[in-house]
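Structure first, commentary second.
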């Protein structure tokens with residue numbers, strides 16, 4: 001009788017084993033995920049601008065330089081001094097510099113609003129991706145505006161500095177394969 | 001006894017592995033690990049950093065900046081935290097922090113190499129905490145030789161006012177030597193002509209603020 005009960009259905013046992021396998025699979029994945037969450041993934045340098053500046057895109061170099069130099073729209077005296085020191089090597093005329101700092105201030109305002117939105121976001125991949133796109137757009141807009149409004153000499157000087165100097169200070173990180 | 005037989009039977013049915021079933025379970029475990037690692041595979045990290053060190057026009061202050069741009073594709077990244085550290089030749093560290101940028105400020109009162117370090121950490125929805133940078137990776141150097149004894153502020157608190165008082169100081173010390181910058185072997189070296197002596201170190205008080 002009992003024997004018959006346990007032999008009720010091969011499909012029943014198959015289903016039970018399948019469920020057990022699924023549980024094991026899920027457990028293994030969870031354990032692996034937990035290990036990832038507990039450790040820190042370290043990124044490594046995949047492109048070093050100091051040795052391979054030609055592998056740093058111009059656009060990326062501009063974005064980094066603008067981020068480094070940007071100050072608020074209403075900058076503090078300390079910000080003005082820092083920005084002045086950072087822009088001095090570029091050799092821009094006063095009018096070009098004024099225009100550039102104004103645009104960088106606008107970019108900074110936009111980026112800080114995006115940063116704040118990111119901190120307040122629900123953390124979903126979609127929301128974070130949207131904010132990343134907005135951040136990139138704000139940087140790109142500043143580059144386009146500044147480069148379009150600079151004098152010919154100013155544009156040339158900025159180009160020389162960003163491509164010749166800034167690129168060498170950039171590193172691109174990725175994961176080791 | 002009957003119950004024991006039933007249980008044994010149940011256990012052997014469920015866990016009793018026939019020669020062909022062991023590998024199947026192992027495959028399931030492997031599949032789980034692959035499933036987890038696939039999240040990593042679909043994530044393509046692309047984070048770039050830029051560090052810069054500058055000297056103020058009056059040669060009194062060293063500014064450091066670290067910025068990061070995350071162009072990674074795949075998963076959601078949030079909770080960025082940038083730490084910028086400016087290390088003076090006498091190993092004093094000035095730190096600043098921010099979201100994706102960080103600034104540091106130190107008084108220039110010691111000859112030697114100033115080093116800016118930038119470090120970033122953030123949360124990735126696929127792999128957890130991610131870090132980049134470090135002492136051996138993300139650095140910029142500024143080699144300063146000579147000194148500016150005339151313009152140093154004995155009271156470190158006044159360093160904050162260096163920028164605003166620069167023009168006034170300039171008038172007081174018209175013959176003060178201005179630094180000149182040249183790029184040597186990837187290092188930005190700033191030399192102040194005629195000055196080669198090491199000046200006493202003033203304990204810095206200003207740590208920097210990040211953006």
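The values are calculated or read from the model by the stated rules, or taken from the named source; none is laboratory data. Here the structure is a predicted model, which means the values were calculated and not measured. All Cβ positions, even for glycine, are placed from backbone atoms using ideal geometry, and neighbour counts span all protein chains on display.
Before moving on, here are some points about what is shown:
- Residue A:122 passes every criterion in (1) within 30 Å of residue B:123 (Cα to Cα); (2) surrounded by 15 or more Cβ atoms within 10 Å (Cβ to Cβ); (3) more than 17 Å from the chain's Cα centre (by Cα) apart from (2).
- Failed item in (1) part of a helix (DSSP H, G or I); (2) surrounded by 19 or more Cβ atoms within 10 Å (Cβ to Cβ); (3) at pLDDT 95 or above, with residue A:78 passing the rest: (3)
- Which numbered condition residue B:71 fails, given (1) touching a helix residue (DSSP H, G or I) at 6+ places or on another chain (Cβ under 6 Å); (2) within 8 Å of chain A (Cβ to nearest Cβ): (1)
- Segment B:90-132, residues that are outside any strand (DSSP E or B), surrounded by fewer than 24 Cβ atoms within 10 Å (Cβ to Cβ), away from every other protein chain (no Cβ under 11 Å) and in contact (Cβ under 8 Å) with a residue 40 or more places away in the chain: B:90, B:92, B:110, B:111
- Within segment A:49-68, the set of residues being over 17 Å from the mean Cα position of the chain (by Cα) and more than 8 Å from every other protein chain (Cβ to nearest Cβ) comprises A:49, A:51, A:52, A:53, A:54, A:55.
- Residue check, residue A:129 closer than 19 Å to residue B:80 by Cα, assigned by TED's automatic domain parsing to the domain that holds residue A:61 and surrounded by fewer than 17 Cβ atoms within 10 Å (Cβ to Cβ): yes
- Hey, residue A:101 exposed (fewer than 14 other Cβ atoms within 10 Å of the Cβ), more than 8 Å from every other protein chain (Cβ to nearest Cβ), at pLDDT 95 or above and in a helix (DSSP H, G or I) or not: no
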